[in-house]
2 protein chains.
Amino acid sequence: MKIAVLGTGMVGQTIAENLSTAGNEVIMGTRDPSKTVSRTEPGSFGRPSFNDWKKANPNVQVKSYAEAAQQGELIVNATNGTATMQALEESGADNLNGKVILDIANPLDFSKGMPPTLTVCNTDSLGEQVQRKFPGAKVVKGLNTLTAPLMLNPGMLKEEGHHLFIAGNDEDAKQKVTELLKNFGWKEEQIIDLGDITNARGTEQLLPIWIRLMGKLGTPFFNFKIAK
Amino acid sequence: MKIAVLGTGMVGQTIAENLSTAGNEVIMGTRDPSKTVSRTEPGSFGRPSFNDWKKANPNVQVKSYAEAAQQGELIVNATNGTATMQALEESGADNLNGKVILDIANPLDFSKGMPPTLTVCNTDSLGEQVQRKFPGAKVVKGLNTLTAPLMLNPGMLKEEGHHLFIAGNDEDAKQKVTELLKNFGWKEEQIIDLGDITNARGTEQLLPIWIRLMGKLGTPFFNFKIAK
């Protein structure tokens, strides 16, 4: 499958690498592909530079947002939340029409230091903003409540049966995302479909406590489990 | 111990009953005690009227906010979030000074139907508002992320080891609340101290997904567990 991964940060790299290794044709989207590929400064959290990462993942293509979105049959939005709308506008509505957008981004504003605040919440959400701006796309909010390595390897936690939340207006799109998540190792019973895209308000507002828990626990390797 | 429970709804009743049964002197605070006690209309969710509930709990006193707060050595804020500031103002700063306030309230606005929105969030919280308004009190946010019966009976869920979050500026106050929670049946390892009162932003913003999960699961009997 041809998959566009918008965003070249840790989340984008982690997802692109996984999808490419699994045999998909992955096209990463970025504002300025040649600038992104030439980045030699080390990544955050001890990660390699983008240039080194790209060399280790030669099958992943790096193109403009528009080219990536045009070629992708499915779109993964792994941009920073504050850059999401701009990235999707550069992708172009025509290139998003009719396609599933798995929206992983969180509208976090780190400009005033830690902990960040949300740029939109409570009566609206980034997921809804994306859906309103691109009504022809099928937005599914998901994977935004846990750290990137865990998205693709839910078994790395000792505790089993922790949960993922998805939200979106299109049932078929949510089914497609569910299949993708199952390929990542999630069991169907771990995926809670909250309903339409307004439920992104619920999952995006998990971030304030997620970030505080990361500080408290000293690790990003944890997840929410709904105990019944 | 003399404990003031502000608020006479389901949360207040459930907590007052438990604390009274455990041998505490419980004084419920309400705006108009005689009016509250004379209420004969049935409670929500099939609960008895306040009048019937009071008859079943003769040891629980029902007084004005100010009288309850004056007599209580510890204050439990079980009012509706939208009524909290008014209730605490009627309680009187002098009656709150130096005391621990366990703040269970959530700033939920149900006036526009379900799901409710938050009246304060993201860059502030109800817990912080209370602490700022009553700097002499020691506010501990807690118990606001689960349904009332579960607050007092954590073992009613099949799954063990689910979590409670507390937040507050005063370590001694958090220790006192922790002891109270242990009396309710919580184990120390189930209680996560997030830090100062600004962390109430994290727990109050759990409500949007909590409410959606209640709708999705068809029951309020669940809780968050941090899977590691």
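The values are calculated or read from the model by the stated rules, or taken from the named source; none is laboratory data. The structure presented is a predicted model; accordingly, all values stated were derived computationally and were not measured. Counting neighbours? That spans all protein chains shown, and the Cβs are built from the backbone with ideal geometry, glycine included. Note: areas computed on protein heavy atoms with side chains; ligands, DNA, RNA excluded. Shrake-Rupley method; radii C 1.70, N 1.55, O 1.52, S 1.80 Å.
Couple of notes before you dig in:
- Of all the criteria given as (1) open to solvent by 50 Å² or more (accessible area, probe 1.4 Å); (2) touching a Lys or Arg at 6+ places or on another chain (Cβ under 7 Å), the one not satisfied by B:PRO208 is (1).
- When B:ASP193, B:ASP172, B:ASP109 are checked against the criterion of being of a type in the set (Asp, Glu) and under 23 Å from A:GLU159 (Cβ atoms), B:ASP193 stands alone in meeting it.
- Considering only residues in the range A:1-22 that are buried (at least 18 other Cβ atoms within 10 Å of the Cβ) and among the small types (Gly, Ala, Ser), the one that is nearest to A:ALA137 (Cα to Cα) turns out to be A:ALA4.
- Residue list for the range B:158-189, filter: more than 21 Å from B:LYS138 (Cα to Cα) and buried (at least 18 other Cβ atoms within 10 Å of the Cβ): B:HIS162, B:HIS163, B:TRP186
- Set B:VAL5, B:VAL37: member being closer than 20 Å to B:ALA83 by Cβ, modelled with pLDDT of 95 or more and more than 19 Å from the chain's Cα centre (by Cα): B:VAL37
- In the set B:ASN95, B:ASN106, B:ASN77, only one residue is in contact (Cβ under 8 Å) with a residue 12 or more places away in the chain, over 17 Å from B:LYS141 (Cβ atoms) and touching a helix residue (DSSP H, G or I) at 6+ places or on another chain (Cβ under 8 Å); that residue is B:ASN95.
- All positions within the range B:135-153 that are in contact with a Lys or Arg (Cβ under 9 Å, 6 or more places away or on another chain) and open to solvent by 10 Å² or more (accessible area, probe 1.4 Å): B:GLY136, B:LYS138
- Only a single criterion out of (1) farther than 20 Å from A:ALA16 by Cα; (2) aromatic (Phe, Trp, Tyr); (3) in contact with a helix residue (DSSP H, G or I) (Cβ under 6 Å, 6 or more places away or on another chain) is not satisfied by A:PHE222, namely (3).
- Selection of strands (runs of 3 or more DSSP E) fully inside the range A:1-113 by the criterion of at least 2 residues being closer than 22 Å to A:THR147 by Cβ returns A:2-6, A:25-30, A:74-77, A:100-103.
- Qualifying positions in the range B:23-65 - open to solvent by 80 Å² or more (accessible area, probe 1.4 Å) and among the hydroxyl-bearing types (Ser, Thr, Tyr): B:SER34, B:THR40
- Scanning the range A:84-119 for residues that are open to solvent by 40 Å² or more (accessible area, probe 1.4 Å) and farther than 25 Å from B:LEU206 by Cβ yields A:MET85, A:GLN86, A:GLU89, A:GLU90, A:ALA93, A:ASP94, A:ASN97, A:GLY98.
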